[in-house]
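The values are calculated or read from the model by the stated rules, or taken from the named source; none is laboratory data. None of the values given here were measured: they were computed from a predicted structure. So basically every Cβ, Gly included, is an ideal-geometry build from the backbone, and we count neighbours across all protein chains shown.
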Amino acid sequence: MDKRRYNPDFNQLVKIFRREKADRPVLFEYFMNGELFSHITGLSFEELTDPMDKIRMITRAFYLLGYDYVTIPSRYLTGFSFEAAGHEKKETVSLNEGAVINDRNSFESYNWPVPEEGSYRLLEDVTGILPEGMKVIVPGPGGVLENVIYLVGFESLCFMIFEDEDLAKDIFDAVGARLLRFYEIVSSYDSVGALIVNDDWGFKNQTMLSPDTLRRMVFPWQKKIVEAIHRNGKYAVLHSCGNISDVMDDIIEDMKFDAKHSFEDNIVPVERAYEMWGRRIAIMGGIDMDFLVRSTPDEITMRAGNILRLTDSKGYALGSGNSIPPYVPVENYMAMIYAATR
Amino acid sequence: MNSILERIAACVENGKVNMKSPYPPSMRGQEGADELTAEALKEGLTPTEILDLGLIPGMNAIGLKFSENRAFVPEMLMAAKAMSTAMLHLKPYFASGDIEYKGVIVIGTVSGDLHDIGKNLVGMAMEGAGWRVIDLGVDVSAGRFISAVEENPGCVVGLSALLTTTMLNMESIVRELKERFGMLKILVGGAPLNQEFCTRIGADYYGRSSQGAIAYLNSLQDATGQ
């Protein structure tokens, strides 16, 4: 694969973030996988060990596939993350395992990472390999709620919120302040065009914590993070899975995210989400993961084409409901983007 | 109804565990499910009365709020904690046969999947509805479900999965269980599931919420006259 039909132009994505009509269909993904990168570039992603080589290959794949940007996971860029105990990993992980903070003592003795000590050099180096017109989009090392759950464990956190609210608040603040600093630093780089705040807030039926708790513990930090991103002239995309309909007004009016990513047919199909919120926030991706995995390529192209017609590429970029992990068949993924690139 | 039973129900519904518990703020300094259950036994109320008229109505009330998005997982967990604390006082009566569970359900997250929050919540709600729950944990193979059913004749099985990929493992587990235990009833649930998938793999019930699953379990009990 060595040709794309149109030149990269990050401004097309900017039009989407501003809920304007793009000049052509625009693609968006949160992240994709090494097997797909290998398939597209003809090189072996797994054999690469140098982060810059990986970034070069990821960038090449995003370019060839027709994107106007490349997402680079923060682990390649910074080395800044919150460390918990080991989580066993299969196809999913438990949100209750690996906790390292369970009381005031363990909170105070935790080895908190220092965002300023991360290495951000690659955000400068990447400028030399970015094709003209492309920018970098950087997700965080997990979000405020995700990292607190990672450190405390979900069920323990639920009890802590009621039984030791001061400690819970202090943990949220310790995580939030460090993530804010991370986003302030990363959004200041010229190579970066937008940032993804990746923080899952919902289960299938409702938010993981009550909207009231989210408003007290989580959202104030997210609001500051979006403000920091906007101060640097960049755009803020919220990637948050689950049913968060009850807090969409907070996301749009209070936190002022530019775009919302992650949709599921079992919760709110993306077509419905666009009708409900598309005039107030850009809608990204949304082709349901289950649909993407289990449908035929023709069915996928048809649905992707339909949503491009429905939205007329005004405030909407085509992509999956979540990401492209290795279990998404390559032909199904290609069938989805074909609707935009044909 | 005896007012102490109403107070026990209120403690469970509101997650008031014991006197020391700071939650909920509106009940701070008051007795919780722990103390009130002990008092009720001392007053001569039977364990069955406490379970049927105090604990289960409390769990039903919070379960209803949860299904209507008026309560959230943390509130459910606090309610389950209050219920479990009260149940410690009743455990000896279950052991002696003075009170009986409505039935036994074996639950687990299917092989390849380590997600446990939904399963745990449903398990707590079922326990709160008077069912004995045997939780096999996560990443459970067909073989482990089969062993558990052999050890608990007449039980029901509940399978959970989080992902499109792991829910596919349900199909072989359901097939193996059904081949071995023809009359066995199997419930399935989890984020990517729907009724169509449930029907296709031959499971008996798909539920979006724990309340629906409990209603189904209770209907089985009614049907068998247990």
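Filtering the range A:296-315 to residues that are farther than 11 Å from A:Y333 by Cα and either out of contact with any helix residue (DSSP H, G or I) (no Cβ under 9 Å at 6 or more places or on another chain) or outside any helix (DSSP H, G or I) (or both) leaves A:R309, A:D312, A:S313, A:K314, A:G315.
Would you check if A:S119 is within 14 Å of another protein chain (Cβ to nearest Cβ) and polar (S, T, N, Q)? Criteria not met by A:S119.
Mind telling me which of the residues A:S313, A:S295 ends up being over 14 Å from A:A22 (Cα atoms) and buried (at least 18 other Cβ atoms within 10 Å of the Cβ)?
Selected residue: A:S295, the only one of A:S313, A:S295 that is over 14 Å from A:A22 (Cα atoms) and buried (at least 18 other Cβ atoms within 10 Å of the Cβ).
Check whether at least one residue in the range A:280-288 is of a type outside the set (G, A, S), away from chain B (no Cβ under 14 Å), outside any loop (DSSP other than H, G, I, E, B) and more than 19 Å from A:T341 (Cβ to Cβ), and report yes or no. There is at least one residue in the range A:280-288 that is of a type outside the set (G, A, S), away from chain B (no Cβ under 14 Å), outside any loop (DSSP other than H, G, I, E, B) and more than 19 Å from A:T341 (Cβ to Cβ). Note on the range A:32-88: enclosed helices (runs of 4 or more DSSP H) holding 3 or more residues that are under 17 Å from A:Y333 (Cβ atoms) and out of contact with any Leu (no Cβ under 7 Å at 6 or more places or on another chain) are A:34-41, A:51-65.
Would the range B:41-53 turn up any residue that is small (G, A, S) and within 14 Å of B:A86 (Cβ to Cβ)? No. Would you point out which residue out of A:D246, A:D254, A:D250, A:D258 is more than 19 Å from A:Y30 (Cβ to Cβ) and in contact with a strand residue (DSSP E or B) (Cβ under 9 Å, 6 or more places away or on another chain)? Result: A:D246 is the single residue among A:D246, A:D254, A:D250, A:D258 that is more than 19 Å from A:Y30 (Cβ to Cβ) and in contact with a strand residue (DSSP E or B) (Cβ under 9 Å, 6 or more places away or on another chain). When restricted to residues that are more than 11 Å from chain A (Cβ to nearest Cβ), small (G, A, S) and either out of contact with any strand residue (DSSP E or B) (no Cβ under 6 Å at 6 or more places or on another chain) or free of Cβ contacts under 8 Å to residues at least 12 places away in the same chain (or both), the range B:187-206 contains 1.
Return yes when A:S320 is under 21 Å from the mean Cα position of the chain (by Cα), on the phi > 0 side of the Ramachandran plot and within 14 Å of chain B (Cβ to nearest Cβ) and no when it is not.
Details: under 21 Å from the mean Cα position of the chain (by Cα): yes; on the phi > 0 side of the Ramachandran plot: no; within 14 Å of chain B (Cβ to nearest Cβ): yes.
So A:S320 does not fit the description; no.
Inside the range A:248-268, residues that are buried (at least 21 other Cβ atoms within 10 Å of the Cβ) and either touching a residue at least 40 places away in the same chain (Cβ under 8 Å) or in a strand (DSSP E or B) (or both) make up a count of 9. Of all the numbered requirements in (1) more than 29 Å from B:M27 (Cα to Cα); (2) part of a helix (DSSP H, G or I), A:A168 misses one, and that requirement is (1). Can you pull out every residue in the range B:175-226 that is of a type in the set (V, I, T), over 21 Å from the mean Cα position of the chain (by Cα) and crowded, with 18+ Cβ neighbours inside 10 Å? Within the range B:175-226, just B:I201 meets the criteria.
Of the numbered criteria (1) surrounded by 21 or more Cβ atoms within 10 Å (Cβ to Cβ); (2) at pLDDT 95 or above, the one A:Q206 fails is (2). With respect to the conditions (1) within 14 Å of A:S320 (Cα to Cα); (2) buried (at least 21 other Cβ atoms within 10 Å of the Cβ); (3) of a type in the set (D, E, K, R), A:E271 lacks only one, and its number is (2).
Of the residues making up the range A:18-45, those that are of a type in the set (A, V, I, L, M, F, W, C) and buried (at least 19 other Cβ atoms within 10 Å of the Cβ) are A:A22, A:V26, A:L27, A:F28, A:M32, A:L36, A:F37, A:I40, A:F45.
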